[in-house]
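One structure is given here, and the rest of the page talks about it.
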Amino acid sequence: MTLLQILLVLYCIVLELIYSKPKSCDTHGVNPEECDKYKSTEKFFFCGGSKDKKIPMKYVNDDYCDCVGSNDDEPGTSACNHGKFWCKNKGYRGRFIYSSLVNDGLCDCCDGSDELNNPRVNCPNRCNEKAKAEIAEIVTSKKKYMEGIKVKNSLLQVAKSKLNEKKSRKIEIERELAQKREELNAKEELKKVAEEKERTYRDEKKKKEEEEKERKNQERIAQCVADGGEDCQAQPEPPTNDEQNNDNVDNENEENEDKKSDNDDNREETPRERRRRERRERHEQRAARNKERRDKRKREREEASKRAEEAAKATEAAANEVIDKDGHHVHTPDEEFPYPEQYRPHDEDEGDKDKPHQHTPDEEFPYPEQYRPHDEDEGEVKEEGEKKNEDGDGDGFDWSEFDDEEEEDEDVYIPPPDEEEEEEQQADPVMDELSNAARDARNDYNNLNRDIRNLERDIEDINKVLEMDFGEKDIYASLFDECYSTKIQKYDYEFCPFGKAAQKEGSSSTDLGSFKSFGFNDKRQLVMSFEDGQKCWNGPKRSADVIFKCDTENEIVHVHEPSTCKYEYKFMTPLACQQSELDRLTDLIQNQFKTEL
């Protein structure tokens with residue numbers, strides 16, 4: 001055989017293979033790949049492919065399940081409960097259904113082959129229509145993926161820009177840190193100098209005070225000797241316990257100040273010191289108010305006592321008054337006028353000076369009300385006044401209105417006058433100036449040190465971002481510093497990629513967790529997880545999973561709570577459009593229905 005003949009034979013074999021029909025079975029309901037098991041030319045059928053159990057081939061599809069366990073001798077009937085029927089679905093995609101659905105009166109296969117032997121049902125072939133609808137859906141998905149991938153590629157520049165911004169910010173912070181650290185060294189030297197001046201002056205002042213104390217003691221001794229006294233060398237009286245305690249407190253405060261001065265990280269004023277200062281200021285203000293109240297009350301008491309004395313005189317004069325026949329008071333010429341002189345009445349008729357003046361009941365009383373005499377028929381008023389006197393101090397004045405003020409100020413500490421004078425005498429402007437300078441130097445140092453720590457934390461945050469896995473070509477970095485939200489029923493759901501997730505209602509917000517991880521799960525879904533949110537009442541801490549789906553725009557389309565305090569977002573984004581999925585859809589359109597269409 002020549003070479004040309006050999007090539008011709010091979011060409012014919014290839015053509016036979018290309019144009020040969022696919023396997024088909026005469027046995028109803030059998031998958032073409034299993035046709036060899038159901039050949040009608042064979043004498044026996046082996047249950048489950050095992051030679052240990054065989055039945056005659058004529059028992060296949062006889063509407064009785066002989067192969068109990070494998071359930072494969074009745075592929076075209078519903079005799080075996082757990083058997084499988086193969087839908088050919090010509091024009092679409094073949095698939096298995098449970099054999100219990102065969103001949104049940106419902107068209108489960110799109111070509112109607114499952115009801116082929118049921119005379120009561122006529123199932124039309126809908127496979128072509130179903131294939132077209134599925135192909136249209138696949139084509140739509142392919143188009144969406146193609147557009148999404150284009151948008152995704154355009155976001156590469158955005159992602160690169162955001163990462164470069166972080167890197168530039170890191171360089172800027174490092175440069176600023178180096179500068180501030182140099183400034184911190186200079187501030188530290190200034191602080192040490194200011195604190196040393198304050199300490200030196202305090203020590204010198206203390207030494208001078210001791211010398212002055214010794215000098216006064218020597219003068220006292222000399223004066224004692226000059227006066228002929230005895231035991232002049234005896235020391236002055238030892239300080240009282242309060243004075244000793246004050247000295248101990250002062251020494252302790254000075255030691256604490258020295259320790260604080262040597263501590264570079266000490267702040268200007270601790271919260272405890274601030275509370276003490278504010279408490280002291282409140283006491284001073286309250287003491288001033290109390291002094292003003294005491295002075296006011298003292299004046300009011302003096303005025304009230306004066307009025308009470310005048311009222312007593314008026315009462316005594318009223319006891320000696322002259323009453324006319326109508327019961328009215330009559331002033332006699334010789335009667336001493338019981339009221340202040342400016343209130344003495346002058347009769348209009350100078351010629352009737354000797355005639356006593358009578359007051360009528362309707363006449364307006366010309367003097368202050370406290371001087372009005374009371375008749376005996378005003379017993380109720382008098383009894384009320386006597387009751388007030390019994391409750392008061394017996395001077396006719398009601399002091400009850402001042403009781404609350406006195407009770408209010410019972411616990412207020414009011415320093416004695418000699419203590420206030422001593423504090424004024426101890427004031428030292430130079431010491432105050434040095435203390436203020438040292439405090440300002442410490443504040444400058446501590447503020448700069450705090451700025452440095454903040455910048456160091458910023459660098460740590462940037463390093464965490466730069467170390468993250470943002471996917472291929474760092475594409476997911478385009479989501480950084482972005483936030484997305486949507487309203488579902490009464491809640492607003494929000495999440496910031498690589499940040500936090502939250503559920504909001506009006507002005508209130510519930511934390512659903514902080515960023516934990518980002519990547520593909522077991523179902524090959526792209527998921528961003530948030531954990532350690534606000535704890536549910538009698539339940540776990542809230543958490544959320546954001547599932548990324550391919551689309552041309554970034555949008556939250558659905559949020560639900562599949563389990564207690566566990567939330568799930570569906571987030572449409574072009575960043576979820578993968579090239580591998582686009583290739584699969586393309587291959588599906590080209591090859592899925594090639595033999596049937």
Select from region 123-146 the residues that are open to solvent by 80 Å² or more (accessible area, probe 1.4 Å) and in contact with a helix residue (DSSP H, G or I) (Cβ under 8 Å, 6 or more places away or on another chain) and list them in ascending order. MET146
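Looking at CYS110, CYS25, CYS35 in this structure, which one is at pLDDT 90 or above and open to solvent by less than 70 Å² (accessible area, probe 1.4 Å)?
Of the residues listed, the single one that is at pLDDT 90 or above and open to solvent by less than 70 Å² (accessible area, probe 1.4 Å) is CYS110.
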Taking region 547-562, which residues are more than 23 Å from LYS142 (Cα to Cα) and open to solvent by less than 20 Å² (accessible area, probe 1.4 Å)? VAL559
Members of region 467-488 found to be open to solvent by less than 40 Å² (accessible area, probe 1.4 Å) and more than 17 Å from PHE515 (Cβ to Cβ), listed by number: ILE475, THR486
Which of the numbered conditions does GLU74 fail, given that it passes all the others? Conditions: (1) within 15 Å of ASN31 (Cα to Cα); (2) assigned to a loop (DSSP other than H, G, I, E, B); (3) within 60 Å of the chain's Cα centre (by Cα); (4) at pLDDT 85 or above. (3)
Quick one: ASN538 ticks every box in (1) assigned to a loop (DSSP other than H, G, I, E, B); (2) within 24 Å of GLU137 (Cβ to Cβ) except a single one, so which number is it? (2)
For ASP432: the one exception among (1) in contact with a helix residue (DSSP H, G or I) (Cβ under 8 Å, 6 or more places away or on another chain); (2) open to solvent by 40 Å² or more (accessible area, probe 1.4 Å); (3) at pLDDT below 90: (1)
Need the failing condition index for PHE571 against (1) touching a strand residue (DSSP E or B) at 6+ places or on another chain (Cβ under 9 Å); (2) open to solvent by 20 Å² or more (accessible area, probe 1.4 Å); (3) touching a residue at least 12 places away in the same chain (Cβ under 8 Å), just the number. (2)
Quick one: which residue in LEU177, LEU190, LEU163 is in a helix (DSSP H, G or I), open to solvent by less than 40 Å² (accessible area, probe 1.4 Å) and touching a Phe, Trp or Tyr at 6+ places or on another chain (Cβ under 9 Å)? LEU163
When residues of region 75-107 are limited to those that are under 25 Å from GLY48 (Cα atoms) and among the basic types (Lys, Arg), the one surrounded by the most Cβ atoms within 10 Å (Cβ to Cβ): LYS88
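The values are calculated or read from the model by the stated rules, or taken from the named source; none is laboratory data. Bear in mind that the values here come from a model prediction, so they are computed numbers and not experimental data. Quick reminder, even Gly has a Cβ in these numbers, built from the backbone with ideal geometry, and neighbours come from all protein chains shown. Heads up: the accessible areas ignore ligands, DNA and RNA and are worked out on the full protein's heavy atoms, side chains in. Shrake-Rupley method; radii C 1.70, N 1.55, O 1.52, S 1.80 Å.
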